[in-house]
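The values are calculated or read from the model by the stated rules, or taken from the named source; none is laboratory data. Note that this is a predicted model, so its numbers are computed, not measured. A quick note on method: Cβ atoms are made from the backbone with ideal geometry, for glycine too, and the neighbour counts reach across all protein chains shown. Side chains are part of the model used for accessible areas, which takes the heavy atoms of the whole protein and leaves out ligands, DNA and RNA. Shrake-Rupley method; radii C 1.70, N 1.55, O 1.52, S 1.80 Å.
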Amino acid sequence: SPLTDSFGRHHTYLRISLTERCNLRCEYCMPAEGVPLQPKSQLLTTEEVLQLARIFVEQGVRKIRLTGGEPTVRRDIVEIVAQLKALPKLEHVGITTNGLVLTRLLLPLQRAGLDSLNISLDTLRKDRFERITRRKGWERVIAGIDLAIQLGYRPKVNCVLMRDFNEDEICDFVEFTRERPVDVRFIEYMPFSGNKWQTERLISYSETVQTIRQRWPDFQALPNGPNDTSKAYAVPGFAGQMGFITSMTEHFCGSCNRLRLTADGNIKVCLFGNKEYSLRDAMRSEDCTEQQLVQLIGSAVQRKKRQHAGERPAQLNRVVRQQLLHPPHQQPLLQLRNCSNLTHVNAQGKAQMVDVAAKAQTTRIATAEAIVQVGERLTTLIAANELAKGDVLSIAQLAGIMGAKQTSQLIPLCHNIALSSVRVQATLHEAQQCVRLEASVRCTGQTGVEMEALTAVSVAALTVYDMCKAVSHDICITNVRLLSKSGGKRDYQRQ
């Protein structure tokens, strides 16, 4: 399927942004003055939205969620829901809204077939609502939640937790689920351009659970589905439940089945990714067929990475871990500009090669080893030199030597070193049913050769595997390790 990426994740969930506009100005989402809007001609028309939705459904999408901006500001929102529900094989249509106009729109939306709704609400206090959204309307949002319950929905209430803003309402939100059958979901504060994101505002999932259990010790985890982004919890006896979306501290990339379509017709395969591919331009090209559109979608999905990197400095993950171990009330937060002393990372968090020009030229030697467990049958065949591919030990030695000389081409930040000697020994230990590989590498230069020695034994070990796999795949490469290094600033000898 074109919706299956290179890591085997099949995407059945599409989020479609219907508009860039919003009737709130939440401080963590956008500046007070709003954001520049594109001309209407650059946005998808209703017909284009429905055509793309149909194509995605035909390729395997089974759930569509309408988002924005704020999707309810689009005048034809009810019609769009109705036409989506008419698509064969589409099982679910939902909406994510700030809830301001639900009391007016929810009944027509339900009649159109709306299956579910998510409502964004970051505080249960009116004054705070007006401060964070820079608008009035808290009472209308609460009334919209209650109307949804009356109409038979079990709405999800999304709350972005922020330190020094609403962490004192954590237990209030849990109490909100006592009588109401709602799913309150705490979302970890995430970085987006324009929201002036600060790491010290992040409240982690584990810290939140600990806070709740101080009041409700029996607060317990519930089962989750394979593609759920929220970790479900509940207080026994409460009508509703809680959820935790751990985008920052425990990402859920491995089970991600979501794709996004922006209001201007770009497909985004990851919320945090900056790669977008224009389906709008392809659709509006006279010679583009639907099959070519499907191929373009498949090409974008194939480029999806294993996990998101996030639009934040590379060293942020270390800052997050620091917060989890030492929350701000216990220890001052590590400043971003001082948190990296890694020689392979520059001040902007980008990878760099170390400059060794100032180092003295010395004779440098490194020795490494690897063990390949091959089992009884392969041990017998190697000892008798009866493998169909040839002499395993000799070829592994040659491969190790060649691997050492190619290290700088295999390891991105390694220097290209003129090696004066590479020796690889491959020894069969019949009693232990293994092949031991040892490499000793020498050079006269300004940087060490431990990576060359490790590359040599790694490539030699892989060669042993390759030559033996026709007989058995029950082979294990172990103990790839540095034994010694000398001639540099710090010598090393494994004990």
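Taking the numbered list (1) closer than 22 Å to Ser17 by Cβ; (2) of a type outside the set (A, V, I, L, M); (3) open to solvent by 20 Å² or more (accessible area, probe 1.4 Å); (4) not in a loop (DSSP other than H, G, I, E, B) in turn, Arg135 passes all entries but (4).
On the given criteria, is Lys389 open to solvent by 30 Å² or more (accessible area, probe 1.4 Å), closer than 14 Å to Ser458 by Cα and either among the charged types (D, E, K, R) or in contact with a Ser or Thr (Cβ under 6 Å, 6 or more places away or on another chain) (or both)? For Lys389, the condition - open to solvent by 30 Å² or more (accessible area, probe 1.4 Å), closer than 14 Å to Ser458 by Cα and either among the charged types (D, E, K, R) or in contact with a Ser or Thr (Cβ under 6 Å, 6 or more places away or on another chain) (or both) - is not met. For region 114-124, a residue qualifies if it is open to solvent by 20 Å² or more (accessible area, probe 1.4 Å) and at pLDDT 95 or above, and the qualifying residues are Asp115, Ser116, Leu124.
Within region 392-403, identify whether any single residue is touching a Gly at 6+ places or on another chain (Cβ under 9 Å) and surrounded by fewer than 22 Cβ atoms within 10 Å (Cβ to Cβ), and answer yes or no. There is no residue in region 392-403 that is touching a Gly at 6+ places or on another chain (Cβ under 9 Å) and surrounded by fewer than 22 Cβ atoms within 10 Å (Cβ to Cβ).
Quick one: would you say Glu139 is acidic (Asp, Glu) and under 33 Å from the mean Cα position of the chain (by Cα)?
no
When Tyr189, Tyr153 are checked against the criterion of being modelled with pLDDT under 95, surrounded by 15 or more Cβ atoms within 10 Å (Cβ to Cβ) and within 24 Å of Leu100 (Cβ to Cβ), a single residue qualifies: Tyr189. Contact map, region 446-466: residues that are farther than 26 Å from Leu387 by Cα and in contact (Cβ under 8 Å) with a residue 24 or more places away in the chain paired with residues that are part of a helix (DSSP H, G or I) and open to solvent by less than 40 Å² (accessible area, probe 1.4 Å), Cβ distance under 6 Å, separation 6+ or inter-chain. Pairs shown: Met451/Thr407; Glu452/Ala404; Glu452/Thr407.
Here is a yes/no grid of residues against (1) within 30 Å of Thr380 (Cβ to Cβ); (2) within 33 Å of the chain's Cα centre (by Cα); (3) open to solvent by 10 Å² or more (accessible area, probe 1.4 Å); (4) of a type in the set (D, E, K, R):
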site: Gln409; (1), (2), (3), (4): no, yes, yes, no
site: Ala418; (1), (2), (3), (4): no, no, yes, no
site: Thr427; (1), (2), (3), (4): yes, no, yes, no
site: Glu430; (1), (2), (3), (4): yes, no, yes, yes
site: Arg436; (1), (2), (3), (4): yes, no, yes, yes
site: Ala461; (1), (2), (3), (4): yes, yes, no, no
site: Val471; (1), (2), (3), (4): yes, no, yes, no
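In region 77-85 there is at least one residue that is touching a residue at least 40 places away in the same chain (Cβ under 8 Å) and over 20 Å from Gln241 (Cβ atoms). Of the set (1) open to solvent by 50 Å² or more (accessible area, probe 1.4 Å); (2) under 24 Å from Ile187 (Cβ atoms), all apply to Gln110 but (2). So, in region 229-277, of the ones that are open to solvent by 50 Å² or more (accessible area, probe 1.4 Å) and closer than 29 Å to Leu44 by Cα, which residue ends up modelled with the lowest pLDDT? Result: Asn274. Of all the residues in region 26-38, those that are open to solvent by 50 Å² or more (accessible area, probe 1.4 Å) and farther than 14 Å from Thr262 by Cα number 6.
I need the full set of residues from region 28-47 which are in contact (Cβ under 8 Å) with a residue 60 or more places away in the chain and touching a Lys or Arg at 6+ places or on another chain (Cβ under 7 Å), in order please.
Passing the criteria: Ala32, Leu44.
Inspection of region 48-65 identifies at least one residue that is surrounded by 21 or more Cβ atoms within 10 Å (Cβ to Cβ), under 14 Å from Leu114 (Cα atoms) and not charged (D, E, K, R). For region 473-488, the candidate set comprises residues that are more than 20 Å from Leu398 (Cα to Cα) and either charged (D, E, K, R) or without any contact (Cβ under 8 Å) to a residue 24 or more places away in the chain (or both); within that set, the residue that is surrounded by the most Cβ atoms within 10 Å (Cβ to Cβ) is Lys485. Annotation: of all residues in region 286-299 being in contact with a helix residue (DSSP H, G or I) (Cβ under 9 Å, 6 or more places away or on another chain) and within 24 Å of Pro39 (Cβ to Cβ), the one that is surrounded by the fewest Cβ atoms within 10 Å (Cβ to Cβ) is Cys288. For Leu3, state whether it is crowded, with 18+ Cβ neighbours inside 10 Å and under 25 Å from Thr133 (Cα atoms). No: the conditions fail for Leu3.
Pairing residues of region 165-180 that are within 12 Å of Phe238 (Cα to Cα) with residues that are of a type in the set (Lys, Arg) and surrounded by fewer than 19 Cβ atoms within 10 Å (Cβ to Cβ), at Cβ distances under 7 Å and at least 6 apart in sequence or on separate chains, gives no pairs at all.
Taking the condition of a type in the set (A, V, I, L, M), more than 28 Å from Gly69 (Cβ to Cβ) and in contact (Cβ under 8 Å) with a residue 60 or more places away in the chain, does Ala263 pass? Answer is no for this residue. Being in contact (Cβ under 8 Å) with a residue 40 or more places away in the chain, part of a strand (DSSP E or B) and at negative phi is a property that holds for Arg185.
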